[in-house]
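The values are calculated or read from the model by the stated rules, or taken from the named source; none is laboratory data. These numbers come from a predicted model, not from an experiment. Heads up, the Cβs are rebuilt from the backbone with ideal geometry, glycines too, and the neighbour counts pull from every protein chain shown.
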Amino acid sequence: MRRRRKRRRLWPRPTLTEDQILGWADTFHDRTGRWPRKDSGTVPGSFVERWSAVNSALQKGSRGLPGGSSLARLLAARRGVRNKKGLPHLTVPQILRWADAYHRQTGTWPHCKTKPGGIPGTNGETWLAVDTALRVGQRGLPGGSSLPQVLAEHRGVRNPAGLPPLSVKQVLTWADAFRARTGEWPKQKHWQEVIPGSDGETWGNVIQAIARGLRGFPGGGTLFDLLAEHRGVRNVGRLPRLTEGQILAWADAHIATHGEWPTCRCPEQAIPGIGGERWFNVDQALRKGLRGLPGGSSLPKLLAKSRGVPNLKANMTARMHGGERAASSATV
């Protein structure tokens, strides 16, 4: 017959008190700088007790404890430790009081990524936790909101996620006011500049909305396209194509007005009625083959070829080369 194995006799676990557990927790906090959890291992100063067993006794009401509690609840009630599973309810007025205090202290309004994260005097609340509760509907809040929405509704703070639509007419009105104030049209360099009377809009916001198709715009455009179409502003990024016939027509109008042919350095650089065209730019396009031109030419060469205008630089170069060849022949 197989001999029956004797059961090992278990000694009864000693009774516990909440004060005793709190003393162990204080020692743990002094050593580690944090409060114990049920998975924190062995209780300091004891080779037998474990925090998981202590937590179980608090929950079940064993070892002399009343039950219905937990390690997290005990520390929250007696040491003010934040219990993530037993957080207090929040209200919008309470959140606004915290936000007002933050604004008085820093001069800015909080957002969910504000650092440092802790809200002073709230036992570990963070703006991220507040924003999450507003969005999801936790801790007594109905949900469907957010920290930016609450601040926009109750404090008039600009909400980047809920910006009103923009229109071409509105943007052009702002651009006209900008030109009247500064003498130039808004550009990329004015990205961070706030537009007066626009409730916090910047030219960067406008440029992004036009380019990315936000806030009522179809997308794929630029502010410069808008100004070129509606205000005739020269768009350096999308200059129109040129032809030699077009350039010659401008040159004919120039000599009729000024009595001399244009040059790339002439005082009257601006070509009238052509939206910012200049003779220097035309000459560069002829030389480099830009804007639909074949290249390898110039304004003097085109006028010499098509209008018989003497090309002084070409004639001088030819005379120099002719003199060098004559000198070379005489030496031989």
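Can we say R63 is in contact with a Ser or Thr (Cβ under 6 Å, 6 or more places away or on another chain) and closer than 30 Å to R13 by Cα? Judged against the criteria, R63 is a match.
Among the residues of region 1-21, what is the count of those that are touching a Lys or Arg at 6+ places or on another chain (Cβ under 6 Å) and modelled with pLDDT of 85 or more?
Here is the first cut: in region 1-21, the ones touching a Lys or Arg at 6+ places or on another chain (Cβ under 6 Å) are 13, 15-16.
Adding the requirement that they be modelled with pLDDT of 85 or more leaves 15-16.
The number of residues fulfilling the criteria is 2.
Listed here are the helices (runs of 4 or more DSSP H) enclosed by region 14-109 that have at least 1 residues being more than 49 Å from the chain's Cα centre (by Cα), surrounded by 15 or more Cβ atoms within 10 Å (Cβ to Cβ) and touching a residue at least 24 places away in the same chain (Cβ under 8 Å): 18-32, 51-60.
Could you tell me whether L134 is touching a Ser or Thr at 6+ places or on another chain (Cβ under 8 Å), outside the structural domain of L223 (by TED's automatic domain parsing), surrounded by 15 or more Cβ atoms within 10 Å (Cβ to Cβ) and not aromatic (F, W, Y)? It is true that L134 is touching a Ser or Thr at 6+ places or on another chain (Cβ under 8 Å), outside the structural domain of L223 (by TED's automatic domain parsing), surrounded by 15 or more Cβ atoms within 10 Å (Cβ to Cβ) and not aromatic (F, W, Y).
Based on what the data block shows, is A129 more than 23 Å from the chain's Cα centre (by Cα), part of a helix (DSSP H, G or I), under 30 Å from G80 (Cβ atoms) and of a type in the set (A, V, I, L, M, F, W, C)?
Working: more than 23 Å from the chain's Cα centre (by Cα): no; part of a helix (DSSP H, G or I): yes; under 30 Å from G80 (Cβ atoms): yes; of a type in the set (A, V, I, L, M, F, W, C): yes.
No: the conditions fail for A129.
If we scan region 189-206, do we find a residue that is loosely packed, with under 14 Cβ neighbours inside 10 Å, in contact (Cβ under 8 Å) with a residue 40 or more places away in the chain and not in a helix (DSSP H, G or I)? Yes, the conditions are met somewhere in region 189-206.
Surrounded by 15 or more Cβ atoms within 10 Å (Cβ to Cβ), in contact (Cβ under 8 Å) with a residue 40 or more places away in the chain, hydrophobic (A, V, I, L, M, F, W, C) and under 27 Å from G276 (Cβ atoms): does that describe A175? So A175 fits the description; yes.
Which residue out of G143, G124 is touching a residue at least 12 places away in the same chain (Cβ under 8 Å), assigned to a loop (DSSP other than H, G, I, E, B) and not assigned by TED's automatic domain parsing to the domain that holds L226? Walk me through how you get there before you give the answer.
Working: G143 fails: touching a residue at least 12 places away in the same chain (Cβ under 8 Å).
Just one listed residue meets the conditions, G124.
For T91, indicate whether it is among the hydroxyl-bearing types (S, T, Y) and over 30 Å from I207 (Cβ atoms). Don't jump to the end; show me each part of the working.
Working: among the hydroxyl-bearing types (S, T, Y): yes; over 30 Å from I207 (Cβ atoms): yes.
So T91 passes the test.
Of all residues in region 127-171, which are basic (K, R) and closer than 23 Å to Y102 by Cβ? Talk me through it step by step, then tell me what you get.
Taking region 127-171 and keeping what is basic (K, R), we get 135, 139, 155, 158, 169.
If the condition is that a residue be basic (K, R) and closer than 23 Å to Y102 by Cβ, then R135, R139, R155, R158 are the ones that fit.
Every test in (1) modelled with pLDDT under 90; (2) in contact with a strand residue (DSSP E or B) (Cβ under 6 Å, 6 or more places away or on another chain) is passed by R50 save one, and that test is (1).
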